[in-house]
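The values are calculated or read from the model by the stated rules, or taken from the named source; none is laboratory data. These figures come from a predicted structure and were not determined experimentally. Here the Cβ positions follow ideal geometry from the backbone for every residue, glycine too, while neighbour counts run over all protein chains shown.
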Amino acid sequence: MNWSFAIVNGRLAEVFFDKKKDSRKHVFAHAYVRQNDYKKEGRKWIAEDTKRARFSYRNQQYKLVQG
């Protein structure tokens, strides 16, 4: 199990995922967090991860948001 920061439904979240054999990632859970809960290094990770990871969660399915 791996995790990363992402934007889910417009809010900051920790996203939990597994890597499949074909190097694709399968997101299976998320937890909303606040940026103020993290120190300097954590805020740097948030800035890096949220640039490339935006998801929509609806009907128990995650979809990568383009744009």
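Quick look at the numbers
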read-out: Top-ranked residue in the stretch 1-53 [being in contact (Cβ under 8 Å) with a residue 12 or more places away in the chain and small (Gly, Ala, Ser); ranked as nearest to Lys63 (Cα to Cα)]; value: Ala53
read-out: Among (1) modelled with pLDDT under 90; (2) at negative phi; (3) of a type outside the set (Asp, Glu) - the single one Ser23 does not satisfy; value: (2)
